[in-house]
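Encoded as structure tokens, the structure appears first; notes follow it.
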Amino acid sequence: MTTMTAGPRAGHSEYKEIVDALVEFIEKAVVPIEQEHAEFLKDENNIFNARGLMTEKYLQISQQVREMSAEAGFYTLYGDESLGGAELPAAAIVEIQETLHHRYGPERSLIHESVIPSPFTNGLSPLLLKLSEEVLAPRIDAIRAGSSTLCFALSEPDAGSDVYNLKTRATKVDGGWLVNGQKQWISNAAHAKHAFVFAITDPEAVANRTGGITCFFVDTDAPGFSVDAGIPIMGKRGSNATILSFTDLKVTEAQIIGEEGKGLNLAMGGISRGRVTMSATCIGVAQWALDQALDYAKTRKTFGKTIGQHQMIQAKLAEIARDIYLCKSAVQRTAALLDAGMPAVKETSIIKFSCTEMLGRVIDEVMQIHGGLGLTNELGLEGAYRFARTLRIPDGTSEIQRRTVAKRLLAGDTKL
Ligand SMILES: Cc1cc2nc3c(=O)[nH]c(=O)nc-3n(C[C@H](O)[C@H](O)[C@H](O)COP(=O)(O)OP(=O)(O)OC[C@H]3O[C@@H](n4cnc5c(N)ncnc54)[C@H](O)[C@@H]3O)c2cc1C
């Protein structure tokens, strides 16, 4: 049996102070909460109820962490300055994601999901900049404080990759619209106070694939908004992904984000940061796994030597390092492009499918290096394997990323 290494080497980047302060906050404030609830958090029956939804007690603990993080100034690091955030650039987000996943591995949900929300679909999302003051003003303080969270409800049973296949319909009535339909896979929806809901307002434009989908900002306790179930994913009893339905949910003009009929432009406009964030997560988790493989390779003996002295294990270690190094360089370069104001559509697609697929290969090989121990969850490797497998689907599948890259290349965007 091996022990985990201390985590990443101290870097010397321009964001080092922020990253160090964040790690210190987590060590001093969040790890003690994890320890206090260690027995509770160990059993997933305590985290998900029979409907696959997160339990009240788990939600209370995660809210406590969010509010502490907001109080300490970390919860809003990725948010727009005009909403009260620190508006960190993509390069800083990359460094934070990578460091936290390298240090803590993939499964510490209180750290990864509560300390800083996702940069586009939750917290001080830039989408809030396009909401009317009348709707935003009474809600923004609670969002900034981590007391209220958000979800992004686009996907449906018949519309994942192909968003123009949406069925949720907003029908015009006196003073607004009535929304009817169902959403599927919506992360964080079970405990969100507000949702970005995408619905068809112009069926003809949707049929022509020229627009016609509007994004509405909705309170999840509004009449007609229902959380149906959590979706069990990859051997778990539930997940953060949820099924929602809307029955005559009333929305008004003031609840529109951006312009009527232009919701998809908004949705696509923010995906780059999400993809960079996920890619950096993969780099961090892969380094966490490599640390474990190195520890084990140095201590486990077979045929009179440590397994790290067998050339076939050495080759695996070298290939893992190559994979991580190449992906990490590409993620940093893509973040720099985004920070320079480039759309980097092709590049964010390249890193999304490369990093998620790289992580799958790396965890698989690290499990192999651990022999039978790799198949248990003693070191968190089995959980990491399931985690890595999920990432090739959300935020655009690997196939959709390849499709995007090829379309850009064929349209003349060939600079690499
Ligand atoms: C854990 C998780 C969290 C999620 N969170 C959210 C969320 O918060 N909000 C939200 O709105 N959605 C969310 N999603 C939904 C996610 O975006 C979709 O699952 C994803 O876009 C794929 O859609 P689908 O599952 O309907 O698969 P489909 O689109 O039906 O695809 C099925 C298969 O066909 C392939 N395929 C489809 N079209 C093409 C093509 N043109 N060329 C080649 N292959 C193709 C796909 O790659 C895939 O392999 C989440 C999903 C998961 C699993």
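Quick notes on this one:
- Identity of the residue in region 28-66, at pLDDT 90 or above and assigned to a loop (DSSP other than H, G, I, E, B), that ends up nearest to Ser187 (Cα to Cα): Thr55
Table: residues versus (1) among the small types (Gly, Ala, Ser); (2) surrounded by 15 or more Cβ atoms within 10 Å (Cβ to Cβ).
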residue: Glu134; (1), (2): no, no
residue: Thr149; (1), (2): no, yes
residue: Gly181; (1), (2): yes, yes
residue: Glu204; (1), (2): no, no
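- Pairs with Cβ under 6 Å, 6+ apart, first in region 172-191 and over 15 Å from Ala222 (Cβ atoms), second more than 16 Å from the ligand (Cβ to nearest atom): His191/Leu59
- Residue match in region 348-359 (condition: of a type in the set (A, V, I, L, M, F, W, C) and more than 18 Å from the chain's Cα centre (by Cα)): no
- Condition met for Ala330 (within 16 Å of the ligand (Cβ to nearest atom), assigned to a helix (DSSP H, G or I), of a type outside the set (Phe, Trp, Tyr) and open to solvent by 20 Å² or more (accessible area, probe 1.4 Å)): no
- Residue within region 303-326 that is of a type in the set (S, T, N, Q) and open to solvent by less than 40 Å² (accessible area, probe 1.4 Å) present: yes
- Residues satisfying the stated conditions in region 36-65, i.e. open to solvent by 50 Å² or more (accessible area, probe 1.4 Å), of a type outside the set (S, T, N, Q) and in contact (Cβ under 8 Å) with a residue 60 or more places away in the chain: Glu44, Arg51
- Only residues that are in contact with an Asp or Glu (Cβ under 6 Å, 6 or more places away or on another chain) and free of Cβ contacts under 8 Å to residues at least 60 places away in the same chain were counted across region 142-165, and they come to 1.
- Among the residues listed as Pro157, Pro119, Pro138, the single one being modelled with pLDDT under 95 and of a type outside the set (A, V, I, L, M): Pro119
- Pair list, Cβ under 7 Å, 6 or more apart: region 234-259 residue not assigned by TED's automatic domain parsing to the domain that holds Glu113 and part of a loop (DSSP other than H, G, I, E, B), other residue of a type in the set (Asp, Glu) and surrounded by fewer than 21 Cβ atoms within 10 Å (Cβ to Cβ): Lys236/Glu44; Arg237/Glu44
- Residue check, Ser82 hydroxyl-bearing (Ser, Thr, Tyr), surrounded by fewer than 22 Cβ atoms within 10 Å (Cβ to Cβ) and not assigned by TED's automatic domain parsing to the domain that holds Gln287: yes
- Any hit, region 250-266, residues being within 30 Å of Arg333 (Cα to Cα), open to solvent by less than 10 Å² (accessible area, probe 1.4 Å), within 21 Å of the chain's Cα centre (by Cα) and away from the ligand (no atom under 15 Å from the Cβ): no
- Filtered by the rule that a residue be open to solvent by 50 Å² or more (accessible area, probe 1.4 Å) and aliphatic (A, V, I, L, M), region 361-416 gives Leu375, Ile393, Leu409, Leu410, Ala411, Leu416.
The values are calculated or read from the model by the stated rules, or taken from the named source; none is laboratory data. Keep in mind that what you see is a predicted model, and the values were worked out from it rather than measured. Using ideal geometry, Cβ is built from the backbone for each residue, glycine included, and neighbour counts are taken over all protein chains shown. In case anyone asks, the SASA skips ligands and DNA or RNA and just uses the protein heavy atoms, side chains included. Shrake-Rupley method; radii C 1.70, N 1.55, O 1.52, S 1.80 Å.
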